[in-house]
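Quick notes on the structure that follows.
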């Protein structure tokens, strides 16, 4: 099997398994919802069928018993309960593992064998011998989904091999009936379809109707017939060439369906396809249509068609619909692209932005009107390219939020607590790199809320709360940042316990005072924990320090709010992207620095009398705001400069002034990581290359502001 096919199948299966997890978690809350039961069954059936089709036989065999169990629920012979959902979720994890490992050995491990035995035992509790008819999936429920998955896998490989949708002019129906002994001469049938896929847009489906019962099965005999739909501009001779070495011993039938599909005619109807194939007689079709029910169901009930014949016709219908959509809309509206290719694109765009800055600078230096005009046009194009490239990396954070439903479910059960997870703002978009790095910090915060924040049901009822606690996960945009908050309605943080632990560890002196905000931030110290007992969930002081370290590395900030008896909230503020930002270029002595433009409010001229009562405060729009001299902060040598500038920035809902020697102007900033020697430099988050080749340092304004005494920050609020 083509490795590209297998890799694409893994990606498709990962999405489907994620969807299955969501279905099962919802099914636990609504155990009588027949639609959810059907959806879970269809997902498992699709995975089973596609796993076998793409060479993951072990995963397919494991999935079969779970499919049978869900079929019992679908038939109404077994009720959905917590035990079944627990087992299904564990099975989902095991299927994911089997697909990832792609283990070709025939033996299952002890865990898989135990689960398979439990599947069978639970199925036997409701029905010792399920009816064969119930075990057969309905073609219009599962065949369409399984073939859609197979088609996506094949189309992804077409895209990788360079065959696009342009120029497709004819659609062919191919029926390949291999010789029974085709395996004995070394022919690999699926390789033939790999080759067909390089010719154009391919959809295929195996017809397994001739496979005999196990006792009559000859493992060296091929019983399967393949049907395929191919849209290509290569011509019929190219298709015949694919089968040139097997045409003498096998049966190959190639029919031209349409040489030019007319989108205005709409999607071809299922009945038309079945009649054209000779599968259904016109009179049988007319009688079935008069029943006013789904055509596929009626034809199956009356045994006019078999499952395989119906599924094959459905695949053809879906294929023709896709081709018509491509003719009206052009190339496919979405394709699957490897993330490393997107990363490479953004890196190249970053280099282009740097070169464009040099071009603009050169045009100014040469004072050439023609060159300046070209440079401005290129600048606009580069800006559009940058925005489009960055947009490709933006993903909704909801996919990450959904993962935590399982975390909350499993951990609350382990702790004996009842907890609901509420997600808000799941459609908020964020750079994929940032999303990937947010997973671990959010897991630590949620685990901490579950273990330390939410009380047991009895304790909650005793203080007048509902027995079920709530964790609220919310995301929203705030300028060039995203704010993510994790709130719980638990008991809140015990400030006295935090202070006592700080004194015990020598962080705080016995008589030393600590503000509430500073006391809460102690939970992010490495090894800091107020838990009396070490458990499998917490108590070792590992976790919350990881949160702060990871968020700091993203150029973000973390803060905590807590109210005794009401709950706690952890707030993460992180940049939308780590690649390219709009910045304000400033000069300090002979060095250049970049401030994120998204937090800049204004620039004002600094005066010698800005210091008020010995404190560094400046008047700004009727308020006194604190300021800090960046030349002093970064210890930049240089002579005093007259007419210095104060850049007013808004950091963590507070206005702060940053004093610089001069403001140069806006700058598209391609963020480069700091070298290993400067990785821990305070107040710097990266570097960038200017148009003239010089290096400018990117200021981490949050870290700079942390150096200002808290009393000055809070002296004048907005």
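May I ask you to give the average projected area over all directions of the convex hull of the Cα atoms of the stretch 1-103, in nm² rounded to one decimal?
5.7
For the residue pair residue 371 and residue 57, what label-to-label distance in nm results when each label sits 7 Å from Cα along the Cα-to-beta-carbon direction?
Going by the 7 Å Cα→Cβ label model, 6.9 nm.
What whole-number volume per residue, in cubic angstrom, does the convex hull of the C-alpha atoms of the stretch 339-393 give?
Taking the convex hull of the Cα positions in the stretch 339-393, it is 49 Å³ per residue.
How far is it, in nm, from the label point at residue 175 to the one at residue 399 when both lie 7 Å from their Cα along the line to the Cβ?
Placing both labels 7 Å along Cα→Cβ, they lie 4.1 nm apart.
Subtracting the Cα-Cα distance from 0.36 nm times the residue separation, let me have the gained length for residue 461 to residue 109 in nm, one decimal.
122.3 nm
May I ask for the distance between the Cα centers of the stretch 187-256 and the stretch 395-412, given as a whole number of Å?
Each part's Cα centre sits 42 Å from the other's.
With an 8 Å Cα cut-off and a minimum separation of 6 or more residues, compute the relative contact order for the stretch 3-137 in percent.
29
Any chance you could tell me what percent of the C-alpha pair distances in the stretch 179-242 go past 16 Å?
That fraction is 54 percent.
Taking each pair of different alpha-carbon atoms in the stretch 30-70 once, compute 1/r for the pair, average those values, and report the inverse of that mean as the Kirkwood hydrodynamic radius in Å to one decimal.
10.5
Could you tell me the calculated FRET efficiency between residue 639 and residue 355, based on Cβ-Cβ distance and R0 = 30 angstrom, to the nearest 0.05?
That pair, residue 639 with residue 355, gives E of 0.30.
Take the stretch 455-531, drop everything but the C-alpha atoms, weight them equally and run the Debye formula without solvent; then report log10 I(q)/I(0) at 0.11, 0.18, 0.20, 0.26 Å⁻¹ to two decimals.
Result of the Debye calculation: -0.45, -0.91, -0.96, -1.10.
I want to check the label-to-label distance for residue 93 and residue 662. Put each point 7 Å from Cα in the C-beta direction and report it in nm to one decimal.
6.2
Give the order of 494, 248, 451 when sorted by the count of other beta carbons within 10 angstrom, beginning with the fewest.
Ordered by Cβ neighbours within 10 Å, fewest first: 248, 494, 451.
Arrange the peptides 217-223, 658-664, 11-17, 251-257 so that the one whose residues have, on average, the most other Cβ atoms within 10 Å appears first.
Sorting 217-223, 658-664, 11-17, 251-257 by mean packing, highest first, produces 658-664, 11-17, 251-257, 217-223.
May I ask for the percentage of alpha-carbon pairs in the stretch 580-713 that lie more than 19 Å from each other?
The proportion of pairs with Cα distances above 19 Å equals 48 percent.
Using the per-residue mean of other Cβ atoms lying within 10 Å as a proxy for protection, in what order, highest first, do the peptides 412-425, 365-378 fall?
Highest mean packing first, the order is 412-425, 365-378.
If I stretch the segment between residue 340 and residue 14 completely, what's the gain in nm (0.36 nm per residue apart, minus their alpha carbon distance), one decimal?
Taking residue 340 through residue 14 to full extension adds about 115.5 nm, to one decimal.
Across 10 Å bins from 0, what is the distribution of all Cα-Cα pair distances for the stretch 366-509, in whole percents?
10, 27, 23, 18, 9, 7, 5, 1
Work out, step by step, the length gained on full extension between residue 189 and residue 240: first 0.36 nm times the residue separation, then minus their alpha carbon distance; give nm to one decimal.
Taking 0.36 nm per residue and subtracting the Cα distance, the gain is 16.9 nm.
Round to the nearest 0.05 the FRET efficiency obtained for residue 632 and residue 495 when R0 = 41 Å and r is the Cβ-Cβ distance.
0.75
First measure r as the distance between the Cβ atoms of residue 384 and residue 426, then evaluate 1/(1 + (r/R0)^6) with R0 = 35 Å and state the FRET efficiency to the nearest 0.05.
In this case the efficiency is close to 0.75.
No lab work stands behind these numbers, since they all come straight from the coordinates. Just so it is clear, the model here is predicted, and its values are computed rather than measured. Glycine gets a Cβ as well: all are built from the backbone with ideal geometry, and neighbour counts include every protein chain shown.
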